[in-house]
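Reading through the structure tokens given below for one structure.
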Amino acid sequence: MRIILGVGGGIAAYKVASLLRLFTEAGHDVTVIPTEAATRFVGVATWEALSGHPVSNSVFDDVHTVNHVRLGHEADLIVVAPATADLRARAAAGQANDLLTNTLLMAGSCPVLMAPAMHTEMWQHAATQANVETLRSRGVTVLEPASGRLTGSDTGPGRLPDPEAIFAAALALAGAPAAPTTVPQPGTNEEPVAPPSARPLAGLTVTISAGGTREPLDPVRFLGNRSSGKQGVALAAAARDAGARVRLLAAHMDVPPPAGVETTKVETALELRAAALHAAADSDVIIMAAAVADFRPADVAGTKIKKRDDVADPVITLVRNPDILRELVEVRDAASRDQLIVGFAAETGDADGDVLDYAMAKLRRKACDLLVVNHVGQDRVFGEDTNSVVILSRAGSEPQEASGSKSDVAAAVIDRISAELSRVVPPA
Ligand code: C5P
């Protein structure tokens, strides 16, 4: 694959040298285009030596080859890392003031992936977020930054995702097969890239909903639930690590989205429904881990509802939200699409039946392929770091238990999904 690796002017540029190695060792042909500022962090000689190609950041070099036109047309994939706030702003505005931004404009239908890195305040600034939205609306995949120690003493979201995570997301975006195993060179201590068997979802797109929807009552109040989003975020990270391109549909969450996934924020059940139906069109797997409100207020007041002594206290009338999971299954079946759909169920037992009785009935009602069942109660599951689930399958195989940290449970669910997929589509 011909890859253009655009490097922005941030300190994280040094980590991109490892990303370049991952691409070249996996057999890809990489042309590096650093911005002028990037060359102040890592010199052109490094990029030339590691890529095996001459490196320029000016449209005035090699003018006779019309470099930006050639590079933009020939690329199979463009990866920009670190995608700094400035570089994304220039790309969002459609500027063409250096070789990289010219090439981005020439790229046409070639997939573009941007891996951001900057201080938290810069990432969260409304201007930056607006640019991210603009780029995403044009089809650019902008990964979430990782969270952790930044360049100064500050900590928070803004770190460049690990080169391995960018590498996996890039290959998944380009629909490339799983990365071949690389053997560490004698005398180096480089980690080998995971073998294909460790990336069972490579080449697949997985959409995951997470967190709790919020249903507005008026401009300041909403009906919500206690979902923290931790289990959905752990699933997104596990699917990413299994090699999938991951889309996270994030309702309200107490935790940040994991690095290296594409995140769409939603507020209400209706917004989640629209995002899920849109994403479903090209998803191989859908996991509905979000706690979706079953009801929403029938009327949303345009102004804050006031306490008044001269009128009776308000009564809230609720209307039912659509069952998104059920609808996704219906749409899939109507289109005869190959798609695995996984639901979650938080259940309690009662005098009429135990948790599994209710869960089996729910699986039949929702008609999804797998149902991951949580036993909930006071202080169980919501917001906790551990979980204990049973995975039920519509095909009727034995219920499978999984427990431990939410990452352990996520890994078990992703393993189970991989096993179901390999049963449906036997390896060639
Ligand atoms: O019916 P219940 O809320 O227990 O079902 C839980 C499962 O259904 C979860 O996977 C949840 O994401 C999904 N759901 C949905 N739309 C709703 C309610 C729940 O997709 N309105």
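Tabulated data for the structure shown
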read-out: Distance between modelled label sites at residue 271 and residue 105, nm, 7 Å Cα→Cβ extension; value: 3.3 nm
read-out: Segment residue 357-residue 338, extension gain: residue separation times 0.36 nm, minus the distance between their alpha carbons; value: 4.0 nm
read-out: Point-charge dipole on Cβ atoms (K/R +1, D/E -1) for the chain, about Cα centre, debye to 20; value: 560 debye
read-out: Among 302, 341, 268 the positive-end extreme of the charge dipole of the range 224-361 (Cβ point charges); value: 302
read-out: At least 30 Å along the helix axis (C-alpha) and Kyte average at least 1.0, DSSP helices within the chain; value: none
read-out: Cleavage-rule hits, trypsin sites (Lys or Arg not before Pro), the range 244-304, DSSP coil, Cβ neighbours within 10 Å at most 13; value: 304
read-out: Net length gained if the chain between residue 124 and residue 18 were fully extended (0.36 nm per residue, minus Cα distance); value: 35.5 nm
read-out: Candidate lysines for bridging to residue 265, where Cα separation is under 21 Å - those fewer than 8 sequence places away on the same chain excluded; value: 230
read-out: Cα centre as origin, Lys/Arg/Asp/Glu Cβ charges: the range 205-424 dipole, Debye; value: 520 debye
read-out: Virtual spin-label span in nm between residue 29 and residue 93, 7 Å along Cα→Cβ; value: 3.5 nm
read-out: Accessible area of the chain divided out per residue, in Å², using a probe of 1.4 angstrom; value: 47 Å²
read-out: Gain upon complete extension [residue 315, residue 66; 0.36 nm per residue less C-alpha separation]; value: 82.8 nm
read-out: Protein accessible area in the chain, 1.4 Å probe - carbon and sulfur %; value: 52 percent
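The values are calculated or read from the model by the stated rules, or taken from the named source; none is laboratory data. Note that the structure is a prediction, hence the values are computed from the model and not measured. Ideal geometry is used to build each Cβ from the backbone, glycine not excepted, and the neighbour counts take in all protein chains shown. Surface accessibility is based on the protein's heavy atoms, side chains included, excluding ligands, DNA and RNA. Shrake-Rupley method; radii C 1.70, N 1.55, O 1.52, S 1.80 Å.
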